[in-house]
1. In region 74-91, which residues are assigned to a helix (DSSP H, G or I) and over 20 Å from the mean Cα position of the chain (by Cα)?
2. Search region 132-143 for residues that are free of Cβ contacts under 8 Å to residues at least 24 places away in the same chain and pair each with any residue that is buried (at least 16 other Cβ atoms within 10 Å of the Cβ) when their beta-carbon atoms are under 6 Å apart and the residues are at least 6 apart or on different chains.
3. With within 21 Å of residue 81 (Cβ to Cβ) and modelled with pLDDT of 95 or more as the only criterion, which of 132, 112, 144 stands out?
4. Please enumerate the residues belonging to region 164-175 that are more than 16 Å from the chain's Cα centre (by Cα) and touching a residue at least 12 places away in the same chain (Cβ under 8 Å).
5. How many residues, within region 92-121, are surrounded by fewer than 15 Cβ atoms within 10 Å (Cβ to Cβ) and either assigned to a helix (DSSP H, G or I) or in contact with a helix residue (DSSP H, G or I) (Cβ under 7 Å, 6 or more places away or on another chain) (or both)?
6. If we keep just the residues of region 122-131 that are touching a residue at least 24 places away in the same chain (Cβ under 8 Å) and outside any loop (DSSP other than H, G, I, E, B), which is surrounded by the most Cβ atoms within 10 Å (Cβ to Cβ)?
7. Got a sec? Which of 76, 65 is at negative phi and free of Cβ contacts under 8 Å to residues at least 12 places away in the same chain?
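The values are calculated or read from the model by the stated rules, or taken from the named source; none is laboratory data. Predicted model, so just to flag it, every value in this text is computed and none were measured. Every residue, glycine as well, gets a Cβ built from its backbone with ideal geometry; the counts of neighbours run over all protein chains shown.
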């Protein structure tokens with residue numbers, strides 16, 4: 001049984017504005033601007049949603065949840081509002097106490113379920129439920145079977161997303177054979193897509209995707225092909241688009257890239273990424289160990 005202590009790492013692909021990477025100064029300006037718009041027009045739902053997105057993009061889950069709840073009170077039939085509300089409640093559960101998590105889980109389920117009923121083709125809702133049920137402890141309602149059902153539905157909306165969702169579930173089940181099978185099928189489909197050319201298409205504009213898909217594709221290239229350059233491309237894209245909602249933290253993403261550079265004997269680039277990981281998380285023991293091993297090898 002999965003341990004409750006780590007809870008689940010579902011960082012939902014909440015569709016947020018491009019305020020995700022703004023500086024603290026810009027954040028304050030944007031926040032003040034949207035608040036002023038709402039003061040002048042309390043019925044401005046676009047400003048209300050955008051302010052909620054701004055808070056969510058910067059990890060201010062409580063503030064975001066309050067605004068999304070206001071949106072639902074005004075329009076309870078909006079699938080996107082239910083999806084976003086469920087996502088931030090999930091993040092509050094993840095980062096809060098066990099007692100708080102227990103009190104929020106049913107609300108998360110209800111919000112996602114309602115969003116799916118209102119919009120069966122909302123592929124982000126399917127991804128959210130794949131991660132939710134795959135990592136939620138069974139005692140709290142987690143189920144690989146339910147996660148797989150949502151992966152199947154996701155595959156009907158986007159084959160590439162569906163295949164990598166199945167690879168994701170298989171990895172959590174420690175089923176290496178299935179993880180490889182679905183990952184290679186996903187890469188094959190990607191290579192045939194008009195989105196994917198000889199030159200890396202950083203936007204993958206014609207494939208609906210969350211940033212987590214960039215990481216999954218990079219992982220597949222690293223594990224199952226000899227094309228480590230493409231693996232790095234996708235990991236770099238993941239880092240460029242990273243926000244707090246994403247599944248793998250930035251320090252771990254940089255360490256992942258560093259390990260690939262070690263494989264290709266590009267030691268300087270490996271050290272640069274390890275240093276970036278340590279700047280983000282000075283207590284990152286795995287990064288410290290990798291750096292120590294590299295430096296000791298270089299000094300021989």
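1. Hit for region 74-91 is 74, nothing else.
2. 133/142; 133/146; 133/147; 143/133
3. 112
4. Once the filter is applied, which keeps residues that are more than 16 Å from the chain's Cα centre (by Cα) and touching a residue at least 12 places away in the same chain (Cβ under 8 Å), region 164-175 yields 170, 173.
5. Result for region 92-121: 11.
6. Ranking the candidates gives 125 first.
7. Matching residue, one of 76, 65: 76.
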